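Enquirer: Before anything else, here's the structure in question.
The values are calculated or read from the model by the stated rules, or taken from the named source; none is laboratory data. Because the structure is a prediction, the values reported are computed rather than measured. All Cβ positions, even for glycine, are placed from backbone atoms using ideal geometry, and neighbour counts span all protein chains on display.
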Amino acid sequence: MKYRITVRTPFGRFSGTMELSIDGDSASGTLSFMSFSSSFIGDVSGNSLSFSGSFDTPIGALEYKASAAIESDGVHGTADTRLGKLEFLPER
């Protein structure tokens, strides 16, 4: 599935996408916003998703650990990074 998302960062709000593949209780995909894209892997339990990955940025790798819920209107979640929290919501 491909979801259009809004990502709230300490530096503002940005449009992006989350591509998500689920196979049993495993998940993989790509999280993209601004000019950054990150592959991730994670676990699924019901509609809950936990995953981690890393963005390559001009200031080095930015690792994140995220949790999300897959709802009827899209994906809602948060990711913790060393630069602060990211929140992603369905784009409206």
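Enquirer: Just to be sure before I move on: is A69 at pLDDT 95 or above, small (G, A, S), loosely packed, with under 14 Cβ neighbours inside 10 Å and within 12 Å of the chain's Cα centre (by Cα) in the structure I sent?
Expert: Spelling it out, A69 is indeed at pLDDT 95 or above, small (G, A, S), loosely packed, with under 14 Cβ neighbours inside 10 Å and within 12 Å of the chain's Cα centre (by Cα).
Enquirer: Quick check on my filter: what residues within the range 33-92 are aliphatic (A, V, I, L, M), within 14 Å of T9 (Cα to Cα) and without any contact (Cβ under 8 Å) to a residue 60 or more places away in the chain?
Expert: Taking the range 33-92 and keeping what is aliphatic (A, V, I, L, M), we get 34, 41, 44, 49, 59, 61-62, 66, 68-70, 75, 79, 83, 86, 89.
So of that shortlist, the ones also within 14 Å of T9 (Cα to Cα) come out as 34, 62, 66, 79, 83, 86, 89.
Once the filter is applied, which keeps residues that are aliphatic (A, V, I, L, M), within 14 Å of T9 (Cα to Cα) and without any contact (Cβ under 8 Å) to a residue 60 or more places away in the chain, the range 33-92 yields M34, L62, A66, A79.
Enquirer: In this structure, does D25 turn out to be modelled with pLDDT of 95 or more and loosely packed, with under 11 Cβ neighbours inside 10 Å?
Expert: Yes.
Enquirer: Continuing with the same structure: Would you point out the residue of the range 33-61, among those that are crowded, with 19+ Cβ neighbours inside 10 Å and in contact with a Gly (Cβ under 8 Å, 6 or more places away or on another chain), that is modelled with the lowest pLDDT?
Expert: The selected residue is F33.
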